[in-house]
Amino acid sequence: MYKLIDYTRRLNGVLIATSDGRWDLARVLVGMSILILGMLYGMILATGVSLVYALVPLIAAVGLWMVFAAPEYAALALCGLRWGFIFDSFDHALNIQSPAVPLAILLLIIVLSRRFGPQKRKLVGDPIAWLIVSYLIYVCMGVWYADFTGPVQGRIGDFTKDVLICLVIMNFLVSPVLFERTIWLIVGIAALLATLTIYQEVTQTYDNSYWDLAKVKIAFIVDGQADRSRAGGPLGDPNFYGQIPVLAFPFALWLIFNGKTWLGKLGGGYALLVLLGAIGLTYSRGTFLAFAVALIIYFFYFRFNPRYLLFMLPLAVVAYLAAPSDLKDRLSTLTELVPSNQTTTVSDTSFLGRSVEVAIALNMFLDNPILGVGADNYRPHYISYIREYGSAVEDKERNAHNFYLEIAAEHGVIGLSMVLSMIVLAFQYAHQARQSFLAAGNRRWADLSACFQISFIGYLITAIFLHGDYPRLFWIALALAVGLRQAGQQCLAEVKNTYEPR
C-alpha cells in the first residue's frame, strides 16, 4: 500500500512538472472517467436503450454524492421537487420510482448521525414539528374508530411521507442563504410548469402532457357552454394546480423588487408573467379569487405609491380585453356569490354542488364533533348523508370542497384545533423572522418573510374552495415557516456576534 501511494505521488509530480502545472493526476483521472463514461453511454444508446433510462444511474450517483457531500442542498432539492410534484410526474410518465422517500430517509439518517455523532447537533424541536407528529398519531387513531378503515390506512401512508420530508426540511434549511435558494427553486419550478402550460395552449398540443408536467382536463366552464381543456399541470386537476402559481407569484414579485442582479429581476418578471398566464388557463374561480386577494394584500402591505395604478389599471384593462371569452364568462359567474337586495337563486351547477357538499361536511361535523368520522371517510359517508337529507345532487361519492370543513368532519374539534394552531404559528414565525431580519438590518430578507405570509394567505384562501387531496403544499409551507424563523434567528445572531465587543 505504501509503495502504491509513493508511486502515485511520483507520477503526479511528473505530470505537474512536464505540463508546467496545467495537469495533475486528479485532472487526468477525471478526464479519463468522462471519456470512458461517454463511450459507455454511447454503447448503451447504440443498443436502443432510451437516453432517459441510461441517465438514471448517473443521476442516482450524483444524487448520492450530493446527499453525503452537501446534504443541505439535497434537502433543498427534495423540498422543491416534492413541492412541484416533479417526482410524481416522472414516476407516472417514465415508470421511474420516485426517489423522494429514499432521499428523505438518507437525509434523516444524516440528521440523526449529526445529533448522536461527534457534532452533537441538536434536532429541531419546534412546536410545529411536534404538532405535525401529534396530528399524524391522531390520524392513525382513525383505524380504531372509523367506519371505513381502508381510506384511513391510505391517508396514513401518504401523510407519513409528508411528515418525514417536513422534518428533514426543518433540520436542514436553517440559514437565510439556503432559504432564499429554496425560494428560487420553487419559483423556477412554478415558472417551468407555467411555461409548459402556456406553450401547450398556444400550440394546442393538448394530447402531449410533456412528461406529465402539463396535463389538461376537459372540464366545466359555464352552463350552456361546451366544456373545454383547462390546464391541470402535473396534477391533472385545474383547481389544485392553481394553488402552485398562487403560492409562487409573491416570491416572483420579491425577485423583481429585491433581485441582486438585473438577471434575477428579469427572471422574476418572466416568472410573474407566465404564472399569471397559468392562473388564467386553469379557469379556476377559486384560484382567481385567491390571487386577487393576495395581490391586494401585497400592495397594501408594502404601501405602494398610488401612482403605480396609472400603469397597472391600463395593463389590467388590456389583459381583460385580451382574455378569451370563455374565461370572462367563467369569471362573470362569481357575481352569483355577491349578496343583493333581491332574492336570487344560484344557477351555476358547480356552485350548487359545492354548496351541498359544504352543508354535508358541516352536518357530519355536528354529528361527530369531537373525533370526527376518520381520515378520508367524508366520501363514503357522503352517500348516506345525501340520501338522508335529500338533494338535487346525485348520490355518489363526492369531496367536501372545503379544506377546513373537511378536517372538521373527519377529525373533529381536536384535529381542527391542531391544524389551526399550526397555521397561527406559521404566521407568527414569519412575523418573528421579519422582525429579526429588520433588527439585523437586512430589509431584503425581511421583505421575503412578508412575501411568505402573503403566499401562505393565498393558499389558505384556495383551501376554502378545495378539499385536502394534495396537502403536501400545506405541510411544506409549515416546514418552510420553521426554516424561515431559524434563518431569521441565525441572521440576527451573526450580526450580534460581529458587533459584540471583545
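A short reminder: the numbers here are calculations on the coordinates, not readings from a lab. Computed from a predicted model, the values in this text were never measured in an experiment. For neighbour counting, all protein chains shown are included, and Cβ atoms are generated from backbone atoms with ideal geometry for every residue, glycine included.
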Can you work out the FRET efficiency for the pair residue 192 and residue 10, with r the C-beta to C-beta distance and R0 = 51 Å, to the nearest 0.05?
-> 0.50
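Tell me, in nm to one decimal, what length is gained between residue 205 and residue 370 on full extension, where the rule is 0.36 nm per residue of separation less the Cα-Cα distance? Don't skip to the end; give the middle numbers.
On the way: separation 165, 0.36 × 165 = 59.40 nm, distance 4.94 nm.
Net length gain for the segment: 54.5 nm.
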With label points built 7 Å along Cα→Cβ from the Cα atoms of residue 257 and residue 156, find their separation and express it in nm.
-> 4.7
FRET efficiency estimate (nearest 0.05) - Cβ-Cβ, residue 387 to residue 133, R0 51 angstrom | 0.85
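Between residue 101 and residue 469, 0.36 nm times their residue separation minus their Cα-Cα distance comes to what? Show your work: numbers first, answer last.
Values: separation 368, 0.36 × 368 = 132.48 nm, distance 1.90 nm.
My answer for the length gained is 130.6 nm.
At 0.36 nm per residue, and after removing the present C-alpha to C-alpha distance, how many nm does the segment from residue 121 to residue 303 gain when stretched out fully? Numbers along the way, then the final one.
Values: separation 182, 0.36 × 182 = 65.52 nm, distance 4.15 nm.
Roughly 61.4 nm would be gained on extension.
What FRET efficiency comes out for residue 397 versus residue 293 if R0 is 41 angstrom and r is the Cβ-Cβ distance? Round to the nearest 0.05. Numbers along the way, then the final one.
Numbers: r = 31 Å, r/R0 = 0.75.
According to the calculation, E is roughly 0.85.
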For the pair residue 144 and residue 266, the simple spin-label estimate (label points 7 Å beyond Cα toward Cβ) gives in nm 6.2
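Just list whichever of 120/260; 161/260; 120/496; 217/396; 161/215; 122/496 have alpha carbons separated by over 26 Å in the model shown.
Working: 120/260 36 Å; 161/260 36 Å; 120/496 24 Å; 217/396 21 Å; 161/215 24 Å; 122/496 22 Å.
Flagged as over cut-off: 120/260; 161/260.
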